[in-house]
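Only one structure is covered here, and it is reproduced in the block below.
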Amino acid sequence: MLRRQALYILLSLICAVLFIACDRNIPSPTSNATGNIPIGIALAQTSNIALLGQESVAGAKIAGEYFNAKGGINGVPIALIFQDVGGDETSAINAFQTLIVKDAVVGIVGPSSSQQAFSADPVAERAKVPVIGASNTAKGIPQIGNYIARVSAPIAEVAPSAIAAALKLDPNIQRVAVFYAQNDAFTTSETEIFQQAIKSQGLQLVTVQKFQTTDTDFQTQATSAIDLKLDLIVISGLAADGGNLVRQLRELGYGRIIVGGNGLNTSNLFAVCKTLCDGVLIAQAYSPDYENEINLAFRQLYRDRYQKAPPQFSAQAFTAVQVFVEALRSLDRRQKLGQFLLADLRTALNEQLLKGTYNTPLGEIAFTPEGEVLQKNFYVAQIKMDADGNNGRFVFLK
Ligand code: 1QQ
């Protein structure tokens with residue numbers, strides 16, 4: 001068994017180096033040394049994206065335990081193999097390559113950001129390994145390739161509802177400023193959608209301010225925007241930059257509504273902007289209050305562990321693992337997974353997962369043939385901070 005595994009790794013390495021498809025002739029194990037079915041979890045555990053990635057990791061871990069307690073793949077446990085994708089493209093590519101070649105996973109959940117997905121997903125596509133994005137929301141992700149799907153609904157479906165919610169809270173909004181990080185594929189994609197939504201609501205886009213996801217000082221942009229007498233500010237950044245921007249806008253005296261994009265969608269923001277996070281509106285692709293059997297179970301497990309309601313990124317990562325598990329179970333009922341060559345299993349798994357309908361914490365989902373998620377329910381939440389600024393929560397608007 002060990003020699004077969006070693007031979008497989010060696011051949012896979014040669015294939016990866018030479019970029020040749022030698023899938024079919026390699027004797028390939030479909031379970032790891034312990035007999036479990038390995039699924040790769042390529043998410044950010046370090047870097048600036050870790051504020052979001054750690055929530056995804058938490059959701060994936062709960063899914064691993066939950067589905068193994070329910071018998072795994074018809075009696076065979078799954079093994080989640082975690083590889084940190086950090087915050088950059090190279091780390092994501094390395095994580096994918098390790099999972100594909102060394103860990104011989106059947107599929108990958110990840111990477112954390114769209115920026116990473118545009119670099120790392122093609123590696124999986126070439127190796128014919130199915131990928132499910134759990135936090136990739138930029139335009140164009142499923143179109144990267146046949147093996148690329150996502151359970152994280154695209155910005156275009158989710159984000160505009162936050163603008164509508166702002167207008168509902170304050171019908172006098174007219175003058176709007178947009179801030180976005182210009183060095184990230186997701187933030188640039190999101191701001192486009194926000195800007196379209198602002199115009200189609202008949203609002204006036206007064207200024208567009210740019211920054212970098214690594215910035216911490218926003219005085220220049222914030223001051224020049226505030227001078228323009230704004231009724232609404234819309235931010236597309238990642239967690240730390242977004243939190244600092246919110247804080248500095250408030251400190252400089254901006255008092256009207258702020259809408260944050262998906263990069264601000266984490267309670268890890270609270271430590272950055274404290275009481276000044278209060279009131280920020282963020283659209284959601286998940287509600288902890290959604291009532292179906294699996295969300296009740298997921299919510300309970302999450303609460304037991306973290307003493308709070310599960311956030312969107314955790315629910316989406318749980319869902320991505322669920323899709324792999326349910327698709328593997330269906331395949332296994334047709335043909336025992338152990339009888340597949342790894343390359344064949346990966347391809348069959350990709351075909352199977354795109355065909356299914358899944359009852360998930362996000363509600364019922366399915367996929368288009370391209371791998372885009374079909375999801376029904378979206379929400380908007382507003383941050384409510386406690387007076388001391390240490391704790392806060394997302395309050396879902398009706
Ligand atoms: C993307 C996102 C980010 C907020 C994930 C970290 O939605 O990159 O698509």
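Of note:
- Spin-label model, A297/T216: points 7 Å from Cα along the beta carbon direction are separated by 4.4 nm.
- Cα centroid separation, the range 165-206 to the range 213-289 (Å): 13 Å
- Estimated D of the chain in µm² per second, where Rh is the Kirkwood radius over Cα pairs and Stokes-Einstein applies at 10 °C, 1.306 mPa s: 74 µm²/s
- The chain: DSSP helices with Cα axial extent of at least 15 Å and average Kyte-Doolittle hydropathy no lower than 1.0: 2-18
- Extension gain, I226 back to Q201 (0.36 nm per residue minus Cα-Cα distance, nm): 6.9 nm
- Remark: for residue pairs K61/K384; K139/K199; K210/K384; K168/K384; K355/K398, the C-alpha separation exceeds 24 Å in K61/K384; K210/K384; K355/K398.
- The range 66-116: C-alpha pair distances exceeding 14 Å, %: 56 percent
- For the chain, calculated [θ]222 nm from helices alone, where every DSSP H run of n ≥ 4 adds -39500 (n - 2.57): -13000 deg cm²/dmol
- Computed over the chain: relative contact order in percent, which uses C-alpha pairs under 8 Å that are six or more apart: 18 percent
Each value in this text was obtained by applying a stated rule to the coordinates, not by laboratory testing. Because the structure is predicted, anything quoted here is derived from the model rather than measured. Don't worry about glycine lacking a Cβ; one is built from the backbone with ideal geometry, like all the others, and counts go over all protein chains shown.
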